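Structure record follows, encoded as structure tokens.
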Amino acid sequence: MHPRNRHTGRYDFEHLTALLPKLKPFVAKNPYGDLSIDFANPKAVQALNQALLKSFYGTEFWDIPENYLCPPIPGRADYIHQIADLLAPHFGRKIPQGPQIKILDIGTGASCIYPIIAHGEFGWSVVGSEVDVTAYESAKKIVEKNPELSKVIELRKQTTQDAIFKTVIRKGEYYEASICNPPFHSSQEEANEGSRRKWENLGKFKQIEQATRNFGGHGGELWCPGGEVGFIKRMVQDSSTYQKQVRWFTSLVSKDSSLDAIYSAIHGAKVYDMKTLDMSQGQKKSRIVAWTWMKS
Ligand code: SAH
């Protein structure tokens, strides 16, 4: 995890349950004698997220509809810290802070998670796009119910599945970075198989069926034509129209095997610079690919 990530230690369940009493019924001692929750129970993870967001970012209201992706906060915070490091060289080696720094989040999800963390950590303003109407409405509700967020987060509905920046970036707008956690499977079957493997790896054999159904995420959050390669290729292509409106275009890439095709799309777009930022959370490795047409 990033050295600045504030979610690296153990969760302080005593503090978190005091802050959010509804988390308490989900907390019990695990076989090692430590307080924990059952991470295969979506209601427990949702309550943990509510407590964490309240504790670290002052988010009073946070909720997601059933069956929608419940994001692990520590991993999402890592992406934001990587973006801060990517921007620092352009601001005299200091991380730029405050609402005048604008970030774009493509596919913000029902959770609105990146905008919340980006604002909570660095005070940035964020425009989030979302194609799924239920996810869009949910993110909107989170923003509207938190007065602080409604000043700095704006959500825009993407109406075309294949479009990424079109209709989202408006004339005259400028963003320091665009971030994205794209749907990474290429079909519902592949998504189901991926969730099944994840739960098997966690040793949660008994809960696999339920967890896959309730917690793994929902349709378009998990898959799109061509998987993450297809999505990011469309993003690269679309981004070249906005070379002067976004300093760094970035996306999470979950599979190592996707990189070659993505690099070749980026080279093909004749960018000025490209970077790969490695991330690891426990045993899970991922990376962010970033490209820009700007020289300074
Ligand atoms: N950012 C959230 C959600 C990621 S899941 C998180 O990290 O947890 C990917 C999201 O992208 C889904 O909510 C999906 O509906 C959305 N999406 C898919 N295609 C899109 C597009 N063309 N424009 C905007 N959002 C899109």
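The values are calculated or read from the model by the stated rules, or taken from the named source; none is laboratory data. Bear in mind that the values here come from a model prediction, so they are computed numbers and not experimental data. As a convention, Cβ positions derive from the backbone with ideal geometry for all residues, glycine included, and neighbour counts pool all protein chains shown. Each accessible area value is taken on the protein alone, full model and side chains, heavy atoms only, with ligands, DNA and RNA left out. Shrake-Rupley method; radii C 1.70, N 1.55, O 1.52, S 1.80 Å.
For each pair in LYS94/LYS157; LYS140/LYS255; LYS22/LYS54, compute the distance between the two Cα atoms and list the pairs where it is over 23 Å.
Numbers: LYS94/LYS157 33 Å; LYS140/LYS255 30 Å; LYS22/LYS54 13 Å.
Too far apart for the 23 Å limit: LYS94/LYS157; LYS140/LYS255.
Under a cut-off of 20 Å between alpha-carbon atoms, report the aspartates and glutamates in cross-link reach of LYS24, not counting same-chain residues fewer than 8 places apart.
Within reach: ASP12, GLU14, ASP34, ASP38, GLU60, ASP63.
So if each residue of separation counts as 0.36 nm, and I subtract the Cα-Cα distance between LEU19 and ARG156, what length gain in nm does that give?
Numbers: separation 137, 0.36 × 137 = 49.32 nm, distance 3.20 nm.
Working it through step by step, the gained length comes to 46.1 nm.
Ignoring the sites themselves, what is the longest stretch of the chain with no trypsin sites (Lys or Arg not before Pro) in a DSSP loop and at most 12 other beta-carbon atoms within 10 Å?
Free of exposed loop sites, the longest segment is 11-92.
Would you calculate the separation in nanometres between label points at LYS275 and THR241, each defined as 7 Å from the Cα along the Cα-to-beta-carbon direction?
Between LYS275 and THR241, the label points sit 2.7 nm apart.
Counting DSSP beta bridges in the chain, what percent are antiparallel, to the nearest 5? Walk me through the intermediate numbers first.
Details: 16 of 34 bridges.
So the antiparallel bridges in the chain amount to around 45 percent.
Cα gyration tensor of the stretch 138-190, axes a ≥ b ≥ c as square roots of the eigenvalues: rounded (a/c below 1.5), prolate (a/b > b/c) or oblate?
Values: a/c = 2.21, a/b = 1.36, b/c = 1.63.
Judged from the Cα gyration tensor, the stretch 138-190 comes out oblate (a/c at least 1.5, b/c at or above a/b).
Using DSSP loop states and a limit of at most 14 other Cβ atoms within 10 Å to flag GluC sites (Glu not before Pro), what is the longest stretch of the chain containing no flagged site?
Details: sites that count: GLU60, GLU66, GLU173.
Here the longest segment lacking exposed loop sites spans 174-296.
Shape call for the chain from the C-alpha gyration tensor, a ≥ b ≥ c root eigenvalues: rounded (a/c under 1.5), prolate (a/b greater than b/c) or oblate?
On the way: a/c = 1.64, a/b = 1.35, b/c = 1.22.
Taking the square roots of the gyration eigenvalues as a ≥ b ≥ c, the chain is prolate.
So how exposed is TRP291, as accessible area in Å² (1.4 Å probe, rounded to 10)?
Accessible area, nearest 10 Å²: 0 Å².
For a test of the definition: using alpha carbon positions, the gyration tensor, and the 1.5 limit on a/c, classify the stretch 73-148 as rounded, prolate or oblate.
Details: a/c = 2.26, a/b = 1.92, b/c = 1.18.
It is prolate, given that a/c is not under 1.5 and a/b is the larger ratio.
Could you pull out every one of the aspartates and glutamates with an alpha carbon less than 17 Å from that of LYS171, ignoring same-chain neighbours closer than 8 positions?
GLU154, ASP238
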